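Chemist: One structure coming up, written as structure tokens, with questions to follow.
The values are calculated or read from the model by the stated rules, or taken from the named source; none is laboratory data. Being a predicted model, the structure only gives us computed values, none of them experimental. FYI the Cβ positions are ideal-geometry reconstructions off the backbone, even for glycines, and counts take in every protein chain you see.
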Amino acid sequence: MLLKMAEELPLNAPIDQVWKLLRDTPRFAGLLPGVGDVVALNDASHEAYAAKVSEKIGPFKITMNLEVRVTESVEPSLLKASLKGADSIGLNRMTGSMQVALSAVPAGTQMHFEASIEVLGKLATLGAVPIRRRTTQVFSEFAKNIQAQFARETSSDSNS
């Protein structure tokens, strides 16, 4: 099953601050619900990370081991990555790509997020609707987390 999504997220921060957060992988990953154990992989040819993602979708509680490989990085406006992973027993697998594009706007930065992910295995049997619903909820939680980062930075800057 192929899942495509696109989201827009306005951020009250300059583009260079958003880019800095985006490239601080441990900090950025900490804002993503369900993502943990992020470690850089020793791959001289590519920037790559391993991560563990745990999520409950419908009746399934799934933990997947993902490999995220940065495929393109254009400072301070574009980051693309490929994703692949599976659960520990191979019943669920996923592959795909994602990109985050940043653009400066008068109020700060506009983040445009796109993902195209193929889900295979038992999870795919749920169909697109519950997976899309949960993905939308996760993105909403992520949006609140990232917006809160910049709200704190803005208020701490004004207190200095």
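Chemist: Could you grab me the full set of residues in region 1-17 that are part of a strand (DSSP E or B) and farther than 25 Å from Lys52 by Cβ?
Modeler: The answer is Ala6, Glu8, Pro10, Leu11.
Chemist: Being in contact with a Ser or Thr (Cβ under 9 Å, 6 or more places away or on another chain) and among the hydroxyl-bearing types (Ser, Thr, Tyr) is the filter here; which residues of region 84-129 pass it?
Modeler: Ser88, Thr95, Ser97, Ser103, Thr109, Ser116
Chemist: Could you check region 39-48 and list, in sequence order, the residues that are among the small types (Gly, Ala, Ser), surrounded by 11 or more Cβ atoms within 10 Å (Cβ to Cβ) and out of contact with any helix residue (DSSP H, G or I) (no Cβ under 8 Å at 6 or more places or on another chain)?
Modeler: Ala48
Chemist: Which residues, taken from region 1-26, are touching a residue at least 12 places away in the same chain (Cβ under 8 Å), closer than 12 Å to Gln149 by Cβ and surrounded by fewer than 16 Cβ atoms within 10 Å (Cβ to Cβ)?
Modeler: Selection gives Asn12 alone.
Chemist: Separate question: For Ala51, are the conditions met, namely being within 17 Å of the chain's Cα centre (by Cα) and surrounded by fewer than 13 Cβ atoms within 10 Å (Cβ to Cβ)?
Modeler: Answer is no for this residue.
Chemist: Are any residues in region 105-133 in contact with a Gly (Cβ under 7 Å, 6 or more places away or on another chain) and not small (Gly, Ala, Ser), and if so, which ones?
Modeler: Within region 105-133, Ile117, Glu118, Leu126, Pro130 qualify.
Chemist: Of the numbered conditions (1) of a type outside the set (Val, Ile, Thr); (2) more than 20 Å from Leu22 (Cα to Cα); (3) in contact with a strand residue (DSSP E or B) (Cβ under 6 Å, 6 or more places away or on another chain), Arg132 satisfies every one except a single condition; which is it?
Modeler: Failing condition for Arg132: (3).
Chemist: Further, regarding this structure: Of everything in region 72-102, what is touching a Leu at 6+ places or on another chain (Cβ under 9 Å) and over 21 Å from Lys122 (Cβ atoms)? Give them in sequence order.
Modeler: Passing the criteria: Glu72, Ser73, Pro76, Ser77, Leu78, Leu79, Ser97, Met98, Gln99, Val100, Ala101, Leu102.
Chemist: Which is within 21 Å of Leu2 (Cβ to Cβ), surrounded by fewer than 17 Cβ atoms within 10 Å (Cβ to Cβ) and among the small types (Gly, Ala, Ser), of Gly58, Gly36?
Modeler: Gly58
Chemist: Related question: Give all pairs with beta carbons closer than 7 Å in which a residue from region 109-132 that is within 17 Å of Lys84 (Cα to Cα) meets a residue that is among the aromatic types (Phe, Trp, Tyr) and modelled with pLDDT under 90; count only pairs at least 6 apart in sequence or on separate chains.
Modeler: Lys122/Phe60; Leu123/Phe60
Chemist: Keeping to region 49-72, report how many residues are touching a residue at least 40 places away in the same chain (Cβ under 8 Å) and either more than 19 Å from Gly34 (Cα to Cα) or in contact with a strand residue (DSSP E or B) (Cβ under 7 Å, 6 or more places away or on another chain) (or both).
Modeler: Residues in region 49-72 being touching a residue at least 40 places away in the same chain (Cβ under 8 Å) and either more than 19 Å from Gly34 (Cα to Cα) or in contact with a strand residue (DSSP E or B) (Cβ under 7 Å, 6 or more places away or on another chain) (or both): 2 in total.
Chemist: Name the residue, out of Ser77, Ser88, Ser140, that is under 13 Å from Val53 (Cβ atoms), of a type outside the set (Val, Ile, Thr) and surrounded by fewer than 17 Cβ atoms within 10 Å (Cβ to Cβ).
Modeler: Ser88 is the lone residue from the list that is under 13 Å from Val53 (Cβ atoms), of a type outside the set (Val, Ile, Thr) and surrounded by fewer than 17 Cβ atoms within 10 Å (Cβ to Cβ).
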